[in-house]
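Working notes, beginning with the structure itself.
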Amino acid sequence: MGLTKFPNGVSADDNNTLTTSGLTVAGTLQTGGVQELLASGAVTAGIQSVELNTSSGAIAATVATSIGHQGLFVIKQTDSGTDGHTVTLTVGTFDGSNNVATLNAQNEALIVYFDSAGDGTIIENVGTVGLS
């Protein structure tokens, strides 16, 4: 298949490597979909919705770059714990200054729009998702 180039300047190759503006993210490239995390780990590039769900302890999720999740991006806690799950953007911010979201109640959610440059704008903060 070769190299796929998207209108926003992002490209993806057959090895599932995402590249934009000199930044490369290797891993499984998907478009859309939901990823349920049952333990700490990385959010797959291209995923648009992340569900945090564990029966014990806190989940520490990492997003390599917001550019890999352009468009609407949703984070939701589906378990009933109060341990404080975190989602950290390694590159980019949710709102121009904060790159960590902390969820500590069932059904808390953060809905963010990432533009073509990966700049985030919070559309809705359901519950009291903490930002830092």
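The values are calculated or read from the model by the stated rules, or taken from the named source; none is laboratory data. None of these values were measured; they are calculated from a predicted model. FYI the Cβ positions are ideal-geometry reconstructions off the backbone, even for glycines, and counts take in every protein chain you see.
Structure values in brief
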{"quantity": "Residue list for the stretch 73-103, restricted to those being surrounded by 14 or more Cβ atoms within 10 Å (Cβ to Cβ), over 21 Å from Ser55 (Cα atoms) and among the small types (Gly, Ala, Ser)", "calculated": "Gly92"}
{"quantity": "Qualifying residue in the stretch 93-110 (condition: touching a residue at least 12 places away in the same chain (Cβ under 8 Å), part of a loop (DSSP other than H, G, I, E, B), at positive phi and among the polar types (S, T, N, Q))", "calculated": "yes"}
{"quantity": "Phe6, sole failed condition from (1) hydrophobic (A, V, I, L, M, F, W, C); (2) crowded, with 20+ Cβ neighbours inside 10 Å; (3) more than 13 Å from the chain's Cα centre (by Cα); (4) at pLDDT below 95", "calculated": "(2)"}
{"quantity": "Candidates Glu36, Glu108, filtered to the one that is of a type outside the set (Val, Ile, Thr) and either surrounded by 13 or more Cβ atoms within 10 Å (Cβ to Cβ) or within 16 Å of Gly127 (Cα to Cα) (or both)", "calculated": "Glu108"}
{"quantity": "For Gly41: the one exception among (1) over 17 Å from the mean Cα position of the chain (by Cα); (2) at pLDDT 90 or above; (3) of a type outside the set (Phe, Trp, Tyr)", "calculated": "(1)"}
{"quantity": "Count of the stretch 114-125 residues which are touching a residue at least 40 places away in the same chain (Cβ under 8 Å), surrounded by 15 or more Cβ atoms within 10 Å (Cβ to Cβ) and assigned to a strand (DSSP E or B)", "calculated": "2"}
{"quantity": "The one condition in (1) at pLDDT below 95; (2) out of contact with any Leu (no Cβ under 7 Å at 6 or more places or on another chain); (3) of a type in the set (Val, Ile, Thr) that Val87 fails to fulfil", "calculated": "(1)"}
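Residues are listed down the side, and each one gets a yes or a no for (1) under 18 Å from Gly41 (Cα atoms); (2) not small (Gly, Ala, Ser):
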| site | (1), (2) |
| --- | --- |
| Gly84 | yes, no |
| Leu89 | yes, yes |
| Thr93 | no, yes |
| Gly96 | no, no |
| Ala101 | yes, no |
| Ala105 | no, no |
| Ile111 | no, yes |
| Gly120 | no, no |
